Amino acid sequence: MHYPIGLLFDLLASSSALPWNITVHFKSFPEKDLLHCPSKDAVEAHFMSCVKEADALKHKSQVINEMQKKDHKQLWMGLQNDRFDQFWAINRKLMEYPAEENGFRYIPFRIYQTTTERPFIQKLFRPVAADGQLHTLGDLLREVCPSALAPEDGEKKNQVMIHGIEPMLETPLQWLSEHLSYPDNFLHISIIPQPTD
């Protein structure tokens, strides 16, 4: 419930054939592995909490705080009812930034790895360096998760996946955040072992 389905696919099944087969069990809920979802209201509250956290990183919560309750509801209802126009009419405001700033204050991201016990990595990371250069996905990984990158003279051991694709490490992080963030406005990045086949 608390991880987007695309992220779960990237982490657990990206090397499997499509369509992805999912088995749903109605008994013996795995309480130790998954958060139990008590109601639709809990899902909405979790989603809005993530959106607010992302806005705090990007805009110091200014955008979300200026919205009215009806805007929050429209954002949720657009997502829940699969109505992109309704969702994007509100989410667009959360993805904008002043032209003179060249990007968000910080990039809301989480890095997930299948080879570690840690659920995810999340740190403050600016999209623009002190010298004005745009930070790239490679810059983020070098600073936050260097083990994900292949050594200069070594073999590539990991894939970096976002929405089922492996973006180039030279891709500006600001662009990735604007175009590949999940509906919660976070950039969910999966680090998975390089397929052997």
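Quick note: the coordinates plus some simple rules give every number you see, no bench work behind them. Being a predicted model, the structure only gives us computed values, none of them experimental. Using ideal geometry, Cβ is built from the backbone for each residue, glycine included, and neighbour counts are taken over all protein chains shown.
What is the dipole size for the range 61-197, taken about its Cα centre, with +1 at each Lys and Arg Cβ and -1 at each Asp and Glu Cβ, in debye to the nearest 20? The partial results should precede the final answer.
Details: 14 positive and 19 negative charges, 134 e Å.
Around 640 debye, computed over the range 61-197.
So for the pair K157, M48, with labels modelled 7 Å out along Cα→Cβ, what separation do we get in nm?
4.4 nm
If the only charges are +1 at each Lys and Arg Cβ and -1 at each Asp and Glu Cβ, what is the size of the charge dipole of the range 53-118 around the Cα centre, to the nearest 20 debye? All intermediate terms of the calculation are to be shown ahead of the outcome.
Values: 11 positive and 10 negative charges, 36 e Å.
The dipole of the range 53-118 has a size of about 180 debye.
Taking R0 as 35 Å, what's the FRET efficiency between T171 and T116 from their Cβ-Cβ distance, rounded to 0.05?
Working: r = 24 Å, r/R0 = 0.68.
The computed FRET efficiency comes out at 0.90.
Treating cross-link reach as a plain straight distance, find the lysines whose alpha-carbon is under 24 Å from the alpha-carbon of K32, omitting any fewer than eight places away in the same chain.
K40
Taking the alpha-carbon centroid of each part, what is the distance from the range 159-177 to the range 4-58 in angstrom?
21 Å
Taking a cut-off of 30 Å, what percent of all Cα-Cα pairs in the chain are separated by more than that?
So the pairs more than 30 Å apart make up 26 percent of the total in the chain.
Name the residues whose placed amide hydrogens come within less than 5 Å of the amide hydrogen of V128, ignoring near sequence neighbours (fewer than 5 apart) on the same chain.
H135
Which of the pairs K73/K93; K69/K93; K123/K156 have their Cα atoms more than 20 Å apart in this structure?
Working: K73/K93 15 Å; K69/K93 15 Å; K123/K156 25 Å.
In this structure, K123/K156 exceed 20 Å between Cα atoms.
Could you list which residues have their amide H under 5 Å from that of N158, counting only those 5 or more apart in sequence or on another chain, with H placed in the peptide plane?
Q194
Give me the percent relative contact order of the chain, please, defined on Cα pairs under 8 angstrom at least 6 residues apart.
Numbers: 247 pairs, mean separation 48.1, N = 197.
Relative contact order for the chain comes out at 24 percent.
Once label points are set 7 Å from the Cα along Cα→Cβ at both Q194 and E66, what is their separation, rounded to one decimal in nm?
My value for the distance between the label points is 4.6 nm.
Running a GNM on the chain with Cα contacts under 10 Å, which residue among S147, S16, S181 ends up with the highest mean-square fluctuation?
Maximum among the listed residues: S16.
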